[in-house]
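Step one of this worksheet: look at the structure below.
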Amino acid sequence: MDPEILKRRLERAEAEIRGLEQLIENKTRDLYLSQESLRQSTQFLNNVLGAMANALVILDGRGNIQELNKAAERMLARGRADIEGHPLTDFLECNCGTGLYGPRQTECEAFVRTAGGNTSPCLLSSSPLLGDEGEIEGYVCVWIDISERRQLEMELRHAQKMESLGQMAAGVAHEINTPIQFVGDSLTFLREAFDDMLDIVQQYQATRDQWPQDGPLGLAAARLTTAEDDADLEFIAEEAPGAFERATGGLGRVASIVQALKNFSHPGSEEKVPTDINQILQNTLTLARNEYKYVAQLETDFAEVPEVLVHPGDMGQVFLNLVVNAAHAVEATPAGKTGNGHIRLRTALDGDFLLVEVADDGCGIPDSIRDRIYDPFFTTKEVGKGTGQGLAIARRIVVDKHGGNLEVESTAGQGTCFRVFLPLPSEAKAA
Amino acid sequence: MFDADRKPRILFVDDDPDLLNGMRHALRRDRKRWDLAYASSGQAALDTLEHFHADMVVTDMRMPGIDGAELLSHIAHRFPATLRFVLSGEASDEMALRAIPYTHQWIAKPIAKPVLIETIERSMALLTRIHSPEVREWIAHCDLPAAPANYQALQAALRVPEPDLDPIAACIEQDPVLTGRILQWTNSGFFGRRQEIRRVRDALTTLGLRLLSEMVLVSGVFHTWKEAPEHGPFGRAELLEHSLLVARQAALMAADLEFSETGVWSAALLHDIGYLILADRAPEQLRALENRLAGGEPTRELELEIVGCGHGELGGALLQAWGLPFAVVEAVVHHQDPENCVSSGVHLAGLVHLAGAIVRGSEPNPSYLASSGLAERYPLWKSEYSQARDQAA
């Protein structure tokens, strides 16, 4: 063999090895780089999933949870171990039945049930995960919490309702005030005219009594006496003043109800104004009379309290809600059914706060639902009696809008007492 | 046209015949006290006024054709001596704003007859004692201008985004006309008032700032003074300064006495508003007073001779027609003769009187000083005032 040839072969082989080594080195570096980039994108993806405000879960083909992000863990309010492997429907109630697991993406509203038993509304979307052959391997489900939005929507609807009620009340007040005016004026006229006529009749009677007993005058006198007896003039003279009083008093009541309705629904100024809370309570009682008068006796104990800075219309709503709730609670008891329940309203000074207490001896609030009474839409009342918004709105008004406090003390079967604390203005605190 | 001895003439206007008949029936017994007429539309009211020279018109707001606000504006121009009242069930802010420039008082429906009678009687009590038709016309003409500087300061304070009530109240309290107008509106039935309001700060919480700025705009408080002199014994600047000094002094004294009634500042600020009426409506009378005056305050006799009534009565009659609280009106009427007030002791009129004497350096009414029990404090206040004045100088 020609050594030259061998040498060249060797050189070629060596060059080939160097080429291969270079290739391996390149491949290794590429591999490293792509692993690194894979690691980075996985981490990025995990970060994204973890940072997402929306809850995300991956389900297997049977609907059991395989993976979940932090938001899902937080919203379900359970540890990861209590969630993984369980069907999603254990924690989430949606109104589209089994439609969640279909071949296409679906969206629906659902309720998340936390370990504590609270439910909160959410918007859920579910899409199938497809394998290479197009078969369904699982599902990815995402949901967002919409309870805040729900609450705002509810408050907006409520505000709109109050506004249109206010406009209507103003219109009704105008329509009713005019007839109240002229019915009252006519009553005044009739009463005064009656008094004047009675006076004249008595003068006639006095004249008649001096007529001789016999002759044509005597006959006429006898006829007059008979006519008087037929009409029962004595009864009329005695009873008519009472009838006038009754009519005038009743009209006064109508006027005060219209006024209360107007005060209650008039949005008034948008600023907080110094307000006599006792006056608002009185107003509330006038409006809610129909709710409590057949079920409970009312006691009021209003202390002399300084004016506080509030939105009067809002506070009227709060008290109306509490009084109506008290009436409903009393109505559910045997005493309430016979009109012998009790509702007690009290105002007092309590440190830096004005305290308004609405207490009843009604059915009370069972311990099991005590935590949920302020949840929007939570209600134990039958359809048509309550929307579950009353206490949620009351708390929002007292706590958020006025910097006050709303407390409840209740024993099932014995009664409930709500306490509203409103901050006193600074000059009243010093006094 | 006017005869102070005849019965007051009142015209009621409402498009609802039931209401008008009800009113006619309810006021049957008052036919001896008043001469009453009724009209069922704005046009009918204007026709009636051609031959029935009413001292007061009481009209509904919502009426077809000429409505209440329009009717009152016609009356203000054609029958300027007539007091103009609204009796309304309910009205929008917009409607009230249209009526404000021409309305003395706003009464809310429903109103019981005795209250209506009292409101009307009280509004006219001083006016009917003034015999000169000319003077009555000055009073019924209700748009009195504010001092331009005060008006501008208020406008500026209102333009601040999210303005605070206190600086705005302070601004209004510098000016008698602004103060008077704001008390007029907030004491009216338009706000379904519960109790009388005597302080600007209280008035503002009732009124709200949006309505305040709109009311100020339409109320005519910014029309120009005709030919009233800016300076001189009855110059506008001097009148304003004097009112402010008396208001400050009276407020100091009230604080010193721990006097619990409100309205001291308002009453003191308004006590010489009679001169402002003259400055606006009758500057020639004011000049005549000035010419006959050797200095100091004109006597009541001199005012009677030249003007036809005292400046206290003149101002009081205007504020009464505006429906201001009785105690404030009384203080304005009797700030020179506080012993003639309904009650005795320390009251608004007495404080305004004594504060006025201190500021002017004139002698206080000796019988009031004795009967009010303030004879000991008075010299102290007086020397404090002169010390403070000397220091300021």
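So here's what we get for this one:
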read-out: Within region B:50-95, tally of residues that are under 19 Å from the mean Cα position of the chain (by Cα), surrounded by 22 or more Cβ atoms within 10 Å (Cβ to Cβ) and more than 17 Å from B:ASP15 (Cβ to Cβ); value: 5
read-out: B:LEU348 being under 26 Å from B:ARG389 (Cβ atoms) and in contact with a Ser or Thr (Cβ under 7 Å, 6 or more places away or on another chain); value: no
read-out: Members of region A:131-170 that are more than 8 Å from every other protein chain (Cβ to nearest Cβ), within 23 Å of A:GLN317 (Cβ to Cβ) and small (Gly, Ala, Ser); value: A:SER147, A:ALA159, A:SER164, A:GLY166, A:ALA169
read-out: Selected residue [in a loop (DSSP other than H, G, I, E, B) and modelled with pLDDT under 80] from B:GLU230, B:GLU196, B:GLU261; value: B:GLU230
read-out: Given (1) of a type in the set (S, T, N, Q); (2) more than 30 Å from A:THR379 (Cβ to Cβ); (3) without any contact (Cβ under 8 Å) to a residue 60 or more places away in the chain; (4) in a strand (DSSP E or B), index of the condition A:GLN66 fails; value: (3)
read-out: Which numbered condition A:ALA206 fails, given (1) modelled with pLDDT of 90 or more; (2) away from chain B (no Cβ under 14 Å); (3) within 22 Å of the chain's Cα centre (by Cα); value: (3)
read-out: Residue within region A:144-166 that is more than 21 Å from the chain's Cα centre (by Cα), within 30 Å of A:GLN66 (Cβ to Cβ), exposed (fewer than 15 other Cβ atoms within 10 Å of the Cβ) and not β-branched (Val, Ile, Thr) present; value: no
read-out: Within region B:81-95, considering residues that are of a type in the set (S, T, N, Q) and touching a residue at least 24 places away in the same chain (Cβ under 8 Å), the one farthest from the other protein chains (Cβ to nearest Cβ); value: B:THR82
read-out: Complete set of residues in region B:118-136 that are closer than 14 Å to B:LYS7 by Cα and either in a helix (DSSP H, G or I) or within 14 Å of chain A (Cβ to nearest Cβ) (or both); value: B:ILE120, B:GLU121, B:MET124, B:LEU127, B:THR128, B:ARG129
read-out: Those helices (runs of 4 or more DSSP H) lying entirely in region B:305-393 with at least 1 residues among the basic types (Lys, Arg) and surrounded by fewer than 24 Cβ atoms within 10 Å (Cβ to Cβ); value: B:348-360, B:377-392
read-out: Some residue of region A:226-236 being of a type outside the set (Phe, Trp, Tyr) and within 30 Å of B:PRO110 (Cα to Cα); value: yes
read-out: Lone unmet requirement of (1) more than 19 Å from A:MET315 (Cα to Cα); (2) modelled with pLDDT of 80 or more; (3) surrounded by 16 or more Cβ atoms within 10 Å (Cβ to Cβ) for A:THR379; value: (2)
read-out: Flag for B:LYS113 being within 26 Å of A:GLU245 (Cα to Cα), within 14 Å of chain A (Cβ to nearest Cβ), of a type in the set (Lys, Arg) and in contact (Cβ under 8 Å) with a residue 60 or more places away in the chain; value: yes
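The values are calculated or read from the model by the stated rules, or taken from the named source; none is laboratory data. In this text the structure is predicted, and so the values were computed from the model without any measurement. All Cβ positions, even for glycine, are placed from backbone atoms using ideal geometry, and neighbour counts span all protein chains on display.
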